[in-house]
Every structure is written in C-alpha cells, then in structure tokens.
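The values are calculated or read from the model by the stated rules, or taken from the named source; none is laboratory data. None of these values were measured; they are calculated from a predicted model. With ideal geometry, Cβ positions are generated from the backbone for all residues, glycine too; neighbour counts draw on all protein chains shown. The protein model used for the area step is the full one, side chains on, heavy atoms only, and it has no ligands, DNA or RNA in it. Shrake-Rupley method; radii C 1.70, N 1.55, O 1.52, S 1.80 Å.
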Amino acid sequence: MSIERTRNFSIIAHIDHGKTTLSDRLLEATQTITQRQQQDQLLDSMDLERERGITIKAHPVCMNYKAKDGLIYKLNLLDTPGHVDFSYEVSRSLAACEGALLLVDASQGVEAQTVANLNLALQQNLHVIPVINKIDLPNADVDKVKKQLEEILQLPADEAVSASAKMGIGIIDILEAIVAFVPAPKEPGDGYLRASVFDSIFDPYRGVISYIRVMSGSIVRGQKVRLMASGNDSEIKEVGTFRPKMVACDKLEAGDVGYIIANVKTTADVKIGDTLTESRKPAPEPLPGFKEIHPLVFSGIYPISTDDFEALKLAVGKLQINDAAFTFMAESSAALGFGFRCGFLGLLHMEIVQERLRREFNMDVISTYPSVIYELRKTDGTEILVDNPSFLPSANEIDEIREPIVKVFIMIPNEYIGDIMQLVMDKRGQVNNTETLDDRRVLLHTVIPLNEILVDFNDKLKSLTRGYGSMDYEHAGYKADDLVKMDMLIAGEPVDAFSCIVHRGKAEARGRQLAAKLKEVIPQQLFVVAIQAAIGGKVIARESISALRKDVTAKCYGGDISRKRKLLEKQKEGKKRMKSIGRVNIPQEAFIEVLKTN
Ligand code: GDP
C-alpha cells in the first residue's frame, strides 16, 4: 500500500477516559479482530496493567480501513503508556506517529494527565484530533468539554468528534477524521534506511522483538543492520506487522510500523529511541530524540528468608531481560543480609517490579525506603552520585548535596486551593503560577523535590480533594539544599536499613516518628534498649524500650519438664527470624513494618 494511504496515530487520554475501549472498537470496526476476541481487551496483555488501568508496554496494531472515498487505508495505532514514569517511551511512540486522538471523558472533562500528554504530542508536531467520549452518560456535558478544549488546550473544538466507545457511537467518524486530518508519512527519499525503535520485548522462544517505525528506506529479512547509538550490528531474522498478533511479511517500507527480530540477546542491547540503519550503507545521522534513560528512584530489595537469595537473583535477572529500564546490583545490608539495590524510572515502575516479583516469581521480598539519586560535591572537589543513604560520605567530606526536583502540575477544584497550597509547602515545594481553567477548577504550576512526592503525595492530594484532584509531573533538574543523612541507632548500633537522607528542617520530626515506630515494633529485651535518631554524632530524637524482667519459663509450675522444653524450643524458633543488631534481636517483621509505614 502506498505511503500516501498510511496513517500512524496514537491515543492520548487520562486513565479511565476510555482508551482501551475505543482501541477495541477501532479494531472491531476495521475487522482487525472479531467481537469474540475482543472480550479480553487485546491491547492490554498483562494482568497487572489491566488491574491498574495503565498500559506499560506499547503494543502497536495495524488495521486496514475502507474509507468513504472508496480507498483502503493502512492505519497504525501505537498505544502509549499512560504514566509519567514512562514519559520517555511515550515521547518515542509519539515520534513514530503523525497524529494523535486526544480522548476526553465527557463527564470528567480535561485532566492533568491530558495536559501533560498533549504537550508531548505537540512537541512532536502531531496533528491532534479531540474526541469527546462517553457521551452516553447522563452527566455528559459536551459543550463544557468543548469550551475546555478551546480555553485550556487551545484546540479547535469544532473539529472534535463526539463518541461513545462503549455504545459504538462515532467510531466511523473517528476513522474518517484520522484519514482526513492525520498527515501521511513523508520520506526523505535519500535511499538510507532509518527506523526508529520505540519499544522492545523479550519472548522466551523468539528472543528480543523490537517495535519499529520505518522513517526512510526499507527493511527485509537477511539484511545486516546497525543500531546507531549502541553501534551493535545484527542480522534481521524476521520482519512483520501486528494484526493484532504478529504476522511475518517480506518487507517494511518507509511509513510502516511493525516489528523485527534480529539476533540480539537482551532488551538492554536494544535501546528505546535508537535508530536502526543498514550496516553496509549507514545513514549519515541518526533520527533525533534519542536519550539514554537512567533510573531515578532506588530501593533495596531483599528476600525475607535468606535462603531465597539465589531465587531472587534469578528472578530480577529475568525481569531485567524484559525491562531494560530496571537495573539491579548486588548489595548487602548489616540488617537485611544479601539483596539487590534496584533502580526504577519512578515509583509506579518500582511498585510494578515488586508486584511482578511477588506474582510471577512467587518471591517474598522486603524493600527498603525508596530513595532518589543525589548529586554530591565533595570538599576535595570531586562529584559523585549517591543512590543509597548508607554510602553517603561523612558530613565533613561533603561540600554540597543536590536533589532532583520536579515540576508538578496539579489540577483541583477551586475550593481546595488553600489545602493544596499548604500541602505543597509542607513538601518543601513552591507554587509558581495558579491558572484558572474554568469557573470551577485551577491548575497549579509547582516545583517540588522529587523525594517529597515519592511516597504519599498523590494519596494526600486525592484525600484532600475528595478524589477530584489530579497531578502529573516532569523532571526539572537538580537543586542544592540543606540535606543531611539521618541514622537510626538501636542500642548504640546504626542500622543501615533505616538510614535516610532528609532535609535538616524535617529531620527531627522524621527522627521522632521513626523512633516511635521502632519502639512499637521491637520486642522488649533483657536490658533497656535505646532507640536514637542521629545526624552525624548528634542525637535528635530518642526513645527507650524498658527491660523485660519476666522469665519465659516462669509460668510453668511444678516440674513439667516437657512443657518447659517446649517453651524454650519455641523461643529458639522465634530467635531464628530475628536479626541481631549488636545485642538486640529485632524480628524481621519489625523491618517490614517500619519500612512500610513511615
Ligand atoms: P482507559 O483507562 O482509558 O483504557 O479506559 P477503559 O477503556 O478501560 O475505560 C474505563 C471505563 O470507562 C470502563 O469501565 C469502560 O467500560 C468505561 N467506558 C469507556 N468508554 C465508555 C463510554 O463511551 N461510555 C461509558 N458509559 N463508559 C465507557
């Protein structure tokens, strides 16, 4: 099919606005899938993704559509992950398109995520077609959404298509709008192969499968190709398209979206955003936009039972083959034993990996408090990166610590402005701009340290606004601040798993909170146990656990030796699950409890 009749597009939407339902409808209307197959929404293939209503991996699909002009068009739908952790992947998928449908729920209106994703699409110069979905709902307000489209997003509302993905209304209008408004791909026509890799997955039987968009030239089986950023050469074993399952074909040409299988070992060898070219005749320059992605959030992952270390090692290795953005390195902790320091794109990515370890690999793990990556200048002038508070040099060796900060866009109903501004201040953030969206809502432009929004910011936002607030963020570099390492000492011994980097102004409150929590979970010992939070050598919070006086066997009367033995046995067993920190035995559960709740 000629390039003039190819349309590459994606759908951008806030979670739950109906992207998956609409995608299925488009596949059905173009007879790409039957209604029966559609039952289990094909585009979302991982259970976890479906439960969380997000798509982690972009699954493209190729449809043939006979338009009202009588011609058949090839429509490639590229799905995009719907979360800020994966915004680089989103930008690479969007770069492989010429247009996008911006889907807005007619009863909810424009949300923070819609704004952020629209910005990404506009940065790629995509033609954006607004689609107002769920018009079947009794509280749908199409006029209001149209007004928002114009006022907030500066999109022409008269081009908006009204639809109900659920009821199948407006589906043909959407397909016609794609044909009419999304520009056909353009080829430079200089004879060089340039294909952009926008995702890759690992299939245990077939190896690495890379999803590509051909920008110029063509790609066939047997061809020798090179990834320009990594410099790796390989040979193409198979090329094909998604209909929606993978179907091999002879050749992918300029404008096409499809997959390739080459002799590559892991997804880490195929970097997202890299340019594929011919080894024999490489393109003079790669496609723009490639970035190395680096993890931003780190956490230690340890097996609950030390016997499971080897199994955990196998599991994280397997996960990484499929998820090049996830990193791990062996580390050991005095408190938790042997485990791994793992790096993630963000908190959601971290939760997904932990959950997959539990579900797919049956691993019982404990993870340490998440930390961001800090930039550090030492007094001798050297610069280092620190992702684990335990490795922070001592205070007198540190000249400056910089922490990552993010621009956070917060959309809230007017009445909550005061509460949310307070929340932003509490999180050491600042509100730079308050934008009025309509008579009900405002958009706050804020800057907050990433560390502060890691754990409970979104939950707090939701609870303070009764679920009406939404947020999105983008990275905004590093900023120096008065950051210090706080240690927790139990009976005088520092416990590495509880060390953290905090702002000096918040250290005392956090130290108190942690000490109180530890007091709750550490059982009494035969002596008084001091729990201290300290910065450098200075104690800033303190609790103590009084000594246990009772003899465990005291309850046994007479000479019931078997009963006595049983009790002692039990006590021994209890000990096995204890970690001894100096003279103090701390049950494993205490670590879990504290790391979970603080
Ligand atoms: P996604 O998170 O954007 O992929 O959203 P889904 O496609 O999973 O849809 C979220 C929810 O909205 C589901 O319960 C759908 O059944 C429902 N939904 C999607 N489209 C419509 C629609 O046009 N009308 C109504 N009433 N519900 C819809």
Checklist entry - Extension gain M329-N458, at 0.36 nm per residue separation less the Cα-Cα distance, in nm? => result 43.5 nm
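Before I look further, what does the chain give for accessible area per residue, probe 1.4 Å, in whole square angstrom?
46 Å²
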Item to check | Accessible carbon and sulfur surface of region 83-145 relative to its total accessible area, %, 1.4 Å | outcome: 43 percent
Checklist entry - Roughly how many Å² of T436 are accessible to a 1.4 Å probe, to the nearest 10? => result 100 Å²
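Determine the shape class of region 411-514: with a ≥ b ≥ c the square roots of the Cα gyration tensor eigenvalues, call it rounded for a/c under 1.5, and otherwise prolate if a/b is greater than b/c, oblate otherwise.
Working: a/c = 3.06, a/b = 2.19, b/c = 1.40.
Since a/c reaches 1.5 and a/b is larger than b/c, the shape of region 411-514 is classed as prolate.
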Checklist entry - For the pair K251 and M167, how long in nm is the line joining their label points, each one 7 Å along Cα→Cβ? => result 4.7 nm
Checklist entry - Hey, got the dipole for region 194-278? About the Cα centre, +1 on K and R Cβ, -1 on D and E Cβ, debye to the nearest 20? => result 100 debye
Next on the checklist: Give me the extension gain from R504 to N263: residue separation times 0.36 nm, minus the current Cα-Cα distance, reported in nm with one decimal.
Outcome noted: 81.6 nm
Checklist entry - Hey, which aspartates and glutamates would be in cross-link range of K313, C-alpha to C-alpha under 19 Å, not counting anything within fewer than 8 residues on its own chain? => result D323, E331, E351, E355, E360, D364
Checklist outcome for this item: With bins of 10 Å, the percent of all Cα-Cα pairs of region 224-373 per bin from 0 is 10, 31, 27, 21, 10, 1
Item to check | Solvent exposure, largest accessible area first (probe 1.4 Å, DNA, RNA and ligands not counted), of K538, K134 | outcome: K538, K134
Next on the checklist: Taking the square root of 5 times each eigenvalue of the Cα gyration tensor, what semi-axes in Å does the equivalent ellipsoid of the chain have, largest first?
Outcome noted: 49, 29, 24
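Placing +1 at every Lys and Arg Cβ and -1 at every Asp and Glu Cβ, with all other atoms neutral, what dipole size does region 94-231 have around its Cα centre, in debye to the nearest 20? Let's see the in-between values first.
Details: 12 positive and 16 negative charges, 168 e Å.
Around 800 debye, computed over region 94-231.
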Checklist entry - By its C-alpha gyration tensor, with a ≥ b ≥ c as the square roots of the eigenvalues, how is region 453-531 shaped: rounded for a/c under 1.5, else prolate for a/b larger than b/c, else oblate? => result oblate
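If packing is taken as the average number of other Cβ atoms within 10 Å across a peptide's residues, how do 462-475, 113-126, 335-348 rank, most packed first?
On the way: 462-475: 17.0, 113-126: 19.1, 335-348: 21.9.
Output ranking for 462-475, 113-126, 335-348: 335-348, 113-126, 462-475.
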Next on the checklist: Please list the three semi-axes, largest first and in whole Å, of the ellipsoid equivalent to region 194-278, using sqrt of 5 times the eigenvalues of its alpha carbon gyration tensor.
Outcome noted: 16, 15, 12
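Rounded to a whole number of µm²/s, how large is the Stokes-Einstein D of region 297-368 at 10 °C and 1.306 mPa s, given Rh as the Kirkwood radius over C-alpha pairs?
Rounded, D is 134 µm²/s.
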Next on the checklist: Which aspartates and glutamates, if any, have their Cα less than 14 Å from the Cα of K166, not counting same-chain residues under 8 positions apart?
Outcome noted: D16, D24, E28, D105, D136
Next on the checklist: Need one number: nm distance between label points at K538 and E474, each 7 Å from Cα along Cα→Cβ, rounded to one decimal.
Outcome noted: 4.0 nm
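Which entries in K251/K318; K74/K186; K237/K271; K224/K281 show an alpha-carbon gap greater than 21 Å? All intermediate terms of the calculation are to be shown ahead of the outcome.
Details: K251/K318 31 Å; K74/K186 15 Å; K237/K271 19 Å; K224/K281 10 Å.
Those over the limit are K251/K318.
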Checklist outcome for this item: Between E176 and F361, the FRET efficiency computed from the C-beta separation at R0 = 51 Å comes out, to the nearest 0.05, as 0.65
Next on the checklist: For a test of understanding, tell me how many lysine pairs in region 375-481 have Cα atoms under 16 Å apart, given they are 8 or more places apart or on different chains.
Outcome noted: 6
